[in-house]
Amino acid sequence: MSAEAECIKLVRQWVTKAENDLRTAEHTIKLRKNCPLDTICFHAQQCVEKYLKALLTLHGVPFPKSHDLSELVSLLPKHLMINVKRAELSALNRYSVEARYPGDFEDLTRKDAREAIAIARKIQIEIQRYLPKEVVNNI
């Protein structure tokens, strides 16, 4: 397999994982009783993280083992314009680690979960514009 084909394969794998996270968040929020809002927010954050890593992989940009979305966005080549606000990244960043463990973290609301999914969906669409058709068409 050529280096380009290997790269596309890896990008597709990142995107598949990202889509699984978003699908999990979107299905889980439908629960009426005992809805795990922290899990929804975590999967929304993971979706964005994996989409960013897919785009970085596509452009050959090495990235650290990090959950920090702002750090990952800062690594994107300048010609890739992702329409995302710092506040949106900050909101999702809270869900990568803090929301998953006990401590002094405010209880999440269904509104928080819906907003997390909306941000993930927005960034998914933004990043898909830059992905090859053979990756996006197989989602």
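The values are calculated or read from the model by the stated rules, or taken from the named source; none is laboratory data. Being a predicted model, the structure only gives us computed values, none of them experimental. All Cβ positions, even for glycine, are placed from backbone atoms using ideal geometry, and neighbour counts span all protein chains on display.
Couple of notes before you dig in:
- Residue 24 being under 21 Å from residue 105 (Cβ atoms) and either in a helix (DSSP H, G or I) or modelled with pLDDT of 95 or more (or both): yes
- Candidates are the residues of the range 92-127 that are under 21 Å from residue 55 (Cα atoms) and without any contact (Cβ under 8 Å) to a residue 40 or more places away in the chain; the one that is surrounded by the most Cβ atoms within 10 Å (Cβ to Cβ) is 122.
- Looking across the range 21-30, the residues that are exposed (fewer than 14 other Cβ atoms within 10 Å of the Cβ) and over 15 Å from residue 112 (Cα atoms) come down to 23, 27.
- Being surrounded by fewer than 22 Cβ atoms within 10 Å (Cβ to Cβ) and either over 24 Å from residue 129 (Cα atoms) or not polar (S, T, N, Q) (or both) is not true of residue 52.
- The range 83-139, subset acidic (Asp, Glu) and in a loop (DSSP other than H, G, I, E, B), residue farthest from residue 36 (Cα to Cα): 104
- Test result for residue 73, of a type in the set (A, V, I, L, M) and surrounded by fewer than 20 Cβ atoms within 10 Å (Cβ to Cβ): yes
- Condition check for residue 11: assigned to a helix (DSSP H, G or I), in contact with a helix residue (DSSP H, G or I) (Cβ under 6 Å, 6 or more places away or on another chain), of a type in the set (Val, Ile, Thr) and modelled with pLDDT of 95 or more: yes
- Filter pass, residue 43 being of a type outside the set (Ser, Thr, Tyr), at pLDDT below 95 and either surrounded by 14 or more Cβ atoms within 10 Å (Cβ to Cβ) or in a loop (DSSP other than H, G, I, E, B) (or both): no
- Unmet criterion (only one of (1) over 20 Å from residue 128 (Cβ atoms); (2) assigned to a loop (DSSP other than H, G, I, E, B)) for residue 71: (2)
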